[in-house]
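No value in this document is a laboratory result; all are computed from the given coordinates. If you're wondering where the values come from, they're calculated on a predicted model, not measured in any experiment. Note that we place each Cβ from the backbone using ideal geometry, even for glycine, and neighbour counts take in every protein chain shown.
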Amino acid sequence: MASATSIKLDETLKDRVRDLAVARRRTPHWIMREAIAQYVEREEKREALRQDTLKAWEDVQASGLHASAEDVERWLSSWGTEDEQPAPLCRK
């Protein structure tokens, strides 16, 4: 069940939301809900990626295992060629 939440918008932004709602044949309420939902979804994904990156960095720090930038670049450059290379091995 949804509950009401208020938000204060300056007149310029409020007018922009209203104009977009008219153009899209939606209500301003729908436009704001959609914008918030898309923002939250994008930021949740960004935060999950940030957490994954931090975890991967901790793993590298703990294990010392890594692939050099040169090895990865050489591997990526071979993609789609007749001489496509396997992924580089991690090393200490």
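Of note:
- Listed candidates (1) 242; (2) 79; (3) 145 - label of the one calculated as volume of the Cα convex hull per residue in Å³: (1)
- Here the chain is treated with +1 on each Lys and Arg Cβ and -1 on each Asp and Glu Cβ, and its dipole about the Cα centre works out to around 740 debye.
- Relative contact order of the chain: 17 percent, from C-alpha pairs under 8 Å at least 6 residues apart in sequence.
- Difference of contour (0.36 nm per residue) and Cα-Cα distance, ARG42 to GLU70: 6.9 nm
- For the pair LYS8 and ASP59, a Förster radius of 41 Å applied to the C-beta separation gives a FRET efficiency near 0.40, rounded to the nearest 0.05.
- Positive dipole terminus of the chain, leading residue within ALA35, VAL17, GLN85 (C-beta point charges): VAL17
- Total formal charge among the other residues, if their Cβ is under 13 angstrom from that of GLU44, Lys/Arg +1 and Asp/Glu -1: 0
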